[in-house]
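Below is one structure, written out as structure tokens; comments come after it.
Rule-based calculations on the coordinates, nothing more; no lab input. A quick note: this is a predicted structure, and the numbers were derived from the prediction, not measured. Cβ sites come from the backbone with ideal geometry, for glycine too, and all protein chains shown count toward neighbours.
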Amino acid sequence: MTPAFSSHWRALACAAWCLALPAVAHASDDHDHDRARQALEAGEILPLARVLERVEQRHPGQVIDVELERERDARWIYKLKLLQRGGALIRLKVDARDGTVLGSRSREKDREKH
């Protein structure tokens with residue numbers, strides 16, 4: 001193999017590896033999705049719709065973000081962001097097993113000073 005031919009193959013292999021990086025990162029997201037689906041099927045967590053129904057009773061607002069995470073103690077947690085009337089943003093930490101709100105933080109809409 002000539003040195004020029006060898007360097008072309010190395011460049012091609014490097015380019016292919018770089019193109020594969022986003023797919024590798026995305027694969028972990030798919031794995032998380034699979035773990036969450038398995039937790040739902042195993043009865044470890046409630047469906048998001050049911051959790052939102054329970055949360056809506058005490059914390060009305062428009063859901064703008066949802067995350068499902070597994071904590072170190074193996075408990076599943078839904079993290080919700082809600083936009084409430086008047087522009088207040090509230091963040092809730094909800095036990096995914098039973099829909100209990102474990103904590104909340106709110107921030108009033110920033111008001112412009114004239």
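Quick notes
- HN-Hα J in Hz across the range 66-83 - Karplus 6.51, -1.76, 1.60, θ = phi - 60°, x for Gly and Pro: 9, 10, 10, 10, 10, 7, 4, 7, 6, 7, 8, 10, 8, 10, 10, 10, 10, 9
- Gained length - K93 relative to E41, 0.36 nm times residue gap less alpha-carbon distance: 16.5 nm
- Built amide H within the under 5 Å cut-off of I45, gap 5+: L40
- Net charge in the neighbourhood of V63 (other residues with Cβ under 15 Å of its Cβ; Lys, Arg +1, Asp, Glu -1) is +4.
- Fully extended contour minus Cα-Cα distance, from E53 to R72, at 0.36 nm per residue: 4.2 nm
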